[in-house]
Every structure is written in C-alpha cells, then in structure tokens.
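The values are calculated or read from the model by the stated rules, or taken from the named source; none is laboratory data. Since the structure is predicted, the reported quantities are computational estimates derived from the model, not experimental observations. For neighbour counting, all protein chains shown are included, and Cβ atoms are generated from backbone atoms with ideal geometry for every residue, glycine included. SASA here: full protein model, heavy atoms, side chains in, ligands and nucleic acids out. Shrake-Rupley method; radii C 1.70, N 1.55, O 1.52, S 1.80 Å.
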Amino acid sequence: MTRGVAGAAVSGVPKLGLLSVLVVEDSAFIRTVLTATLRAIGVGTVHAVTSGAAAIWFFEDRRAGLPPGATPSAAPVDLVISDLVMPEVDGLMLLRWLRASPRSPDKFLPVLMLSGAADRQYVEQARDLGATDFIAKPFSAQTIASRLLFAVARPRRFVLAAGYFGPDRRRTDKPVALDCRMTGGSEILVVHSASKAAGIDRFPVVYFELPNRLGPKIGIAPKGPVPTLPPDVLAAAEQEILNRAGDYASWIAGEVEEMSRRIDRLVREPDAVTGLLAQVNRAAHEMRGQGGIFGYPLITQVAKSLYEATRGGVAGAVTANEHQLFKAHVDAIRAVMNARISGDGGVTGQQLLASLEVAKRKYAKTDGNGAGG
C-alpha cells in the first residue's frame, strides 16, 4: 500500500487525497507505473494486487477482519481500476463477482477497466457486465485523471433488468422520433436507497437513483462541473511516467529475450506448443499496451501484429513459416529498442514497418513442408 499527500482544501481542486483506489494489474511494471501515476495526481491511498483472484482475496480478507456479527457498511476502497485481460481470474470475472456475488462488498462500486486497442470483444463483455468506464492503453496521466474524476463526479444510475445490472449505458436522455422500448414507465421501479429495495422482483426494470457518495467526499458540488486538475499536477504526473522510460527499456529487453527463447522452443518442443504460444501471445498483449506510454508507439504496432498472429493458437505443430513470422516480429521489437526509435521513427521507422509487412506476406502461407511461398 502506498500513500500520497492528502488533498488540501484548495479552491476548485478536488481533494483526491481522501480517495482510496485498488489497482488490479498482472504486469508488475505497469502496476508500478499506474500506482505511481495515481499517487502523483494526488490519490491518497493506492492498493495494488496482481490478479482478479488477488482482488477478491483483498475484499474477502477485509471482510474477515470485521468484528463478529458486523456487516460491512462500505467497500474498503472507493474505486477499482482493473486490467481486462489477465491469466486465470481476469477483469471480467472480477467485475462479475463485484456486481453479482452475495459476498461483494459493494455492488455499486465504480470499476474502471484498462483495455488495449485490440480488446474490443473484452470491452463489449465488460460493458455488458456493468463496467463504469474504460481507460485505453497506452494511457496518460491526463486520461487516468479525467476518467477517475468523471466517474466520481458523474455517477450514472444503476439499472437492474433482464440479463443486466450496472450503470445505465445511456449516458444522456435524448429525444427520439420513435420510442421502441418494450418497458413502459409504470413497469419501472425507481429506488433511491440501496437498503430500501423491497419488491424489486415485481418490476422488469429497476432504476437505482442513489446519492453520490464520492463527489461530496472530495469536495465536488452535486451539480457542479466535472473538475480538472491543475496543469502543474498533471505535468508532474506525466513526468512521473516519462521518468520510467529507462526502466521500461530494460524491462522490455528482458521480455524480448524471453519471448525469443519461447519462439525457438516452439519448433523443438511440439508437445509444449499450446502453452508456449499462449505465453508469447500474452507477452505481445502486454507490450502493445505499453510502448506508447513511454514514447515507443512502434512497439505498440509491432506487438499488436504479433498478438494477432499468435491469437487462437496454431493448428498442430508450428510450421517453419510460422516460426519465421514470429521471429520477424521479435526482431522488429528488438530493433526498435536497440536503436531507441521513439515516435514514429521517421524514415527508419517506416522502413522497419515495411520490412515487417514483407515478412508477413512472405510467411503468410505454408506448403505441406512448411516452406515459404
């Protein structure tokens, strides 16, 4: 657990020092960066765990610490920021537990999900399970601050209907030419207190119009504008991220070498292909969401391509062409980091991407012997 400086009562500035946030992220590096960024924007208490299973244990452990017979009055944190794609218990399973489990500490807890560019299917599932909002990877301090402040200042009413419980997905009420809704106003129960929801089973739709607890807690007026943080605070938070670029370069160098070893093992250990390929795919998923954070968007592009190439596994043994295709991606990532090609890389960056496209076309098809076409 880490602590930031408690927010002073500065005019117009939200007192984020009074907030507590749980970060759920399996990548140790990104978990550290995200935690440091939250501290830099002023969040008072940040807890960090490595998986959805660890998050559930976090909540259960605090429940177990209550005196005998006591009922938890609120969740031990104000908000959760969770990665979507994690091994074993992922962000979707954690979200389902928080929204539906009888042991959930607060079914109305705001949950912001971290998602990469290729996570659309996961994003749609998370939306349907009741996610509050999304933070796209690669993220910035500005994005984290704005999503967090919006979730606190503008909590949406919760909706309970057939197959859904979570924030109202219609963010605004807009007039429509033809109202095609099957549920009339008389069939909707509006509940103003989570503890006074008697009779909800008699209505097909229930709206929970609950008081905003977190906004007033950090000094946001009920109908006031969504606050923003001072430019110097955001600049310091962005610098906190940039200061870790050197650590990122060292981290990814080790990740690339480990990925390269796994790809070479694919052709030597056919019985281990499924597990090895899943590990390569997972590493590519991590890299695609990180490069742009530290000024290496080319890493994001190449890693996204490798993620897609290894997604879904392969049929049978890895062919020579597939092996070469995976190696071409690793070589491209290694080239970016060895030459520290930041931004779009100019001519060098375009040449590197063009070479990768050539390799993708060359190794796209295999013949019966796995030779290039």
Q. Of these, Arg288, Arg282, which one is basic (Lys, Arg), under 23 Å from Arg340 (Cα atoms) and under 26 Å from the mean Cα position of the chain (by Cα)?
A. Arg288
Q | Complete set of residues in region 303-317 that are open to solvent by 70 Å² or more (accessible area, probe 1.4 Å) and part of a helix (DSSP H, G or I) | A | Glu308
Q.
Any residue that is at pLDDT below 90, open to solvent by 60 Å² or more (accessible area, probe 1.4 Å), over 19 Å from the mean Cα position of the chain (by Cα) and under 30 Å from Arg202 (Cα atoms) - is there at least one of those in region 150-166?
A. yes
Q.
Criterion first (hydrophobic (A, V, I, L, M, F, W, C), surrounded by fewer than 18 Cβ atoms within 10 Å (Cβ to Cβ) and either closer than 30 Å to Ala354 by Cα or within 20 Å of the chain's Cα centre (by Cα) (or both)) does Val267 satisfy it?
A. yes
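Based on what the data block shows, is Pro105 in a loop (DSSP other than H, G, I, E, B) and open to solvent by 40 Å² or more (accessible area, probe 1.4 Å)?
Working: in a loop (DSSP other than H, G, I, E, B): yes; open to solvent by 40 Å² or more (accessible area, probe 1.4 Å): no.
When the stated conditions are applied, Pro105 does not pass them.
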Q: Quick one: count up the residues across region 111-139 that are in contact (Cβ under 8 Å) with a residue 40 or more places away in the chain, open to solvent by 60 Å² or more (accessible area, probe 1.4 Å) and among the basic types (Lys, Arg).
A: 1
Q: Might you check whether a residue that is open to solvent by less than 10 Å² (accessible area, probe 1.4 Å) and outside any helix (DSSP H, G or I) occurs anywhere in region 281-302?
A: yes
